[in-house]
Amino acid sequence: MNDGALVRRIVIVGGGTAGWMAAAALARFAGEGRRIVLVESEAIGTVGVGEATIPPILEFNHQLGIDENEFLRETNATFKLGIEFTGWVDGSDKYFHQFGQIGRPLNGIPLYQCWLKHRSNPRVGPLSAYSMSATAAYEHRFAHPAQDPGSPLSQIAYAYHFDATAYGRFLRRYAERLGVERIEGKIVGADQDAATGFVTAVNLDDDRRVRGDLFIDCSGFRSLLLGQKLGVEFEDWSHWLPCDRAIAVPTEPDETLFPYTRAIAQDCGWQWRIPLQHRTGNGHVYSSAHISTEDAEKVLIDSLGGKTIAAPNRLSFKAGRRSKMWEANVIAIGLSSGFLEPLESTSIHLIQHGIQKLLSLFPGRGISSVERDEYNRQMQEVFEDVRDFIILHYKATRRDDSDFWDYCRTMDVPDSLATKLDLWRAKGRVFRQGRELFATASWVAVLLGQGIVPEEQEPAADAMDSAFISNAMDQMRLSYRRTAEQMPSHADFIARNCAAA
Ligand SMILES: Cc1cc2nc3c(=O)[nH]c(=O)nc-3n(C[C@H](O)[C@H](O)[C@H](O)COP(=O)(O)OP(=O)(O)OC[C@H]3O[C@@H](n4cnc5c(N)ncnc54)[C@H](O)[C@@H]3O)c2cc1C
C-alpha cells in the first residue's frame, strides 16, 4: 500500500518482548481507527533471555500508564542501580558503572575532573563513592529518587532486572485489553505486491492469510520479513564485538538481593549475574573462535555457587544490524533489526527506542520515504552509539592472558570511538554527540573504570583552590554515605511494596 490510503491494518509478526512492547505501545498511541493483529507461534517460542534494563524503561512503562508495583510483582523484578564490572582491566580490578550523575559540579567544573586532580589522596577513594546510586548499590539499599533537588537522594537513578518472558505476558494482557488481536500460528511465507515491493500478507502453515498495510517484524533473529523476505542486508560488526555465543542458566535466588548487575570478565568473554526475586540469572557470553561450547559451559557451571533450577540454554548470535530497519512497509524491531551483546543491557532499550521513533514518524496516509529515511537514520545513530560504548569495554583492557583479550586489546575500533578516546586521553573531555544514549557520566565511569586516565586535567580544575575541592569532596562523599545508610535495604523495600506472590 503506497497509494495514499490510510494505514489501518497493522500486523506485528512475533510475540517476544519486542512484539508485545510494540503491540502495547501502538494500541495505546497509534490512534483511532487502526486494527492491530499480532501473530506468534508457541511452537517456535521466544529467545527466553533478557533480564537487565537501563533507566529509560521507566519512561516506557510510565507512558503506558503501568503501575510500578504491579509490574514489579508480575515480572519478579528487582531494582538496578548500575553494573559492577570485575576483572576487565587486568583481571583483578573492580569498578561500577552507576546510573545517574557522578557527584555535583564544583564551581561549574565536573566532579570527575576534581576527582582526577585529587585521586592520589587516600581519603578521596574510588569514583563510585561520589555517586548516590553506586553508594546505595554497595550498601544493598534502595529508595526512589527524592523530588527535592537539594537532597542527595534526588541523584539516584534506577532501572529494573525482570523476567522478560513475564514482561511479555504482562504486556500481552495490556495490549489485548486495548483490542489487539492475537493469532496463534506459524508463518511460512509472505505475499508481496509486484509493483511496489510492499508486503501485503503473511501466510500461515494452515493456509490462513493475514493481510496488513504495515508490518512490524518482531520475529527475532530469524528476521522473517525484513531479512528473509525483503533481503535487507545484515551489517556484521563481529570484528569489533567477537562474542557470538551465550549459555544461560538460572540458579536459586541469592541470599543477598543486590541491586545491581554483575559483569565478570572471563578468559574468552564475560559472565553475568542478575538477581530477580525468584531466581538469579547467570550467563556466559563468549567468543566461539576462542573457546569450545563444552569448556564455556564448564566455566559457567564451576563459578555458579548456587543450585541450578533449569537446564543450560545455549544461544548463538552475531553482533551487527540490518543496514535499514524500515524498508517498504516493514519495520523491524527487536532482534530482527540487529543485536548488540547484553554487556550494557541495551537490547530492550533499543526495542523501546524503535517503538518511540516509529510512533513519532508513524505513517498516516501511505508511506512517506522522508519519514522512513529519518527513521533509518535515527536508528542507525543509536545502534552505532551503543556499539561504540560496548566496544570500549573490550578495547580498553590491559589483559594479555588469553588470545581473546590480545585480540580485543589490539583491534582497530570505529573512527567515532577513536575520536572519543583521543579527546578523553588529552584532557578528560567527553562530548555527547546528538542524541547519544549514554550520558557523559556513563562514559566517564567506564573510561576511568577501564583505567584510561587522561594525560592532563581540564585547566579550570587546576586553577581551583585545593583545600576547597578537598573539603567539598569530603562532604559530598559523606552525604551520599549517610543518605544510603538511612535508606531501606533493597530486600525490605521489595518485601514492603512489590513482592511477587
Ligand atoms: C544471551 C542474551 C542475553 C540477553 N540479555 C539481555 C539483557 O540483559 N537485557 C536486554 O535488554 N536484552 C537482552 N537480550 C536481548 C533480549 O533477549 C531481546 O532483545 C528481547 O527478548 C526481544 O526479543 P525479540 O522479541 O526480538 O525476539 P524473540 O524473543 O525471539 O521473539 C520472536 C517471536 O517471533 C515469533 N516467530 C518467529 N518465527 C515465527 C514464525 N515463523 N511464525 C510465527 N511466529 C514466529 C516467535 O514465536 C516469537 O514470538 C539478550 C539476548 C541474548 C541472546
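The values are calculated or read from the model by the stated rules, or taken from the named source; none is laboratory data. Nothing here was measured: the structure is a model prediction, and the numbers come from that model. Glycine also receives a Cβ, built like all others from the backbone with ideal geometry; neighbour counts cover every protein chain displayed.
Where in the stretch 1-119 are the strands (runs of 3 or more DSSP E), entirely inside, with at least 3 residues that are farther than 22 Å from residue 347 by Cβ, in contact with a Ser or Thr (Cβ under 8 Å, 6 or more places away or on another chain) and within 16 Å of the ligand (Cβ to nearest atom)?
none
In the stretch 245-277, which residue that is more than 16 Å from residue 345 (Cβ to Cβ) and among the charged types (D, E, K, R) is farthest from the ligand (Cβ to nearest atom)?
Checking each candidate, the answer is 255.
Condition check: free of Cβ contacts under 8 Å to residues at least 60 places away in the same chain, farther than 26 Å from residue 409 by Cβ and not hydrophobic (A, V, I, L, M, F, W, C). Does residue 306 satisfy that?
Yes, satisfied.
Looking at the structure I just gave you, is residue 280 buried (at least 21 other Cβ atoms within 10 Å of the Cβ) and either more than 12 Å from the ligand (Cβ to nearest atom) or not basic (Lys, Arg) (or both)?
yes
Starting from residues that are buried (at least 16 other Cβ atoms within 10 Å of the Cβ) and of a type in the set (Ser, Thr, Tyr), keep the ones in the stretch 172-217 and report whichever is nearest to residue 30 (Cα to Cα).
174
Could you list, in sequence order, the residues of the stretch 105-132 that are farther than 14 Å from residue 469 by Cα and in contact with a strand residue (DSSP E or B) (Cβ under 6 Å, 6 or more places away or on another chain)?
Matches in the stretch 105-132: 128, 131.
If I ask for residues that are out of contact with any Ser or Thr (no Cβ under 8 Å at 6 or more places or on another chain) and within 18 Å of residue 79 (Cα to Cα), which ones from the stretch 230-258 would you list?
Result: 255, 256, 258.
When only residues in the stretch 217-233 that are within 11 Å of the ligand (Cβ to nearest atom) and hydrophobic (A, V, I, L, M, F, W, C) count, which is nearest to residue 19 (Cα to Cα)?
218
When you check residue 189 against the structure, is it over 30 Å from residue 276 (Cα atoms), more than 10 Å from the ligand (Cβ to nearest atom) and out of contact with any Pro (no Cβ under 6 Å at 6 or more places or on another chain), yes or no?
Against the criterion (over 30 Å from residue 276 (Cα atoms), more than 10 Å from the ligand (Cβ to nearest atom) and out of contact with any Pro (no Cβ under 6 Å at 6 or more places or on another chain)), residue 189 does not qualify.
For the stretch 48-80, how many residues meet the condition of being surrounded by fewer than 20 Cβ atoms within 10 Å (Cβ to Cβ) and at pLDDT below 95?
Residues meeting the conditions: 2.
Do you know which residues across the stretch 445-501 are hydroxyl-bearing (Ser, Thr, Tyr) and touching a Leu at 6+ places or on another chain (Cβ under 9 Å)?
Of everything in the stretch 445-501, those that are hydroxyl-bearing (Ser, Thr, Tyr) and touching a Leu at 6+ places or on another chain (Cβ under 9 Å) turn out to be 483, 489.
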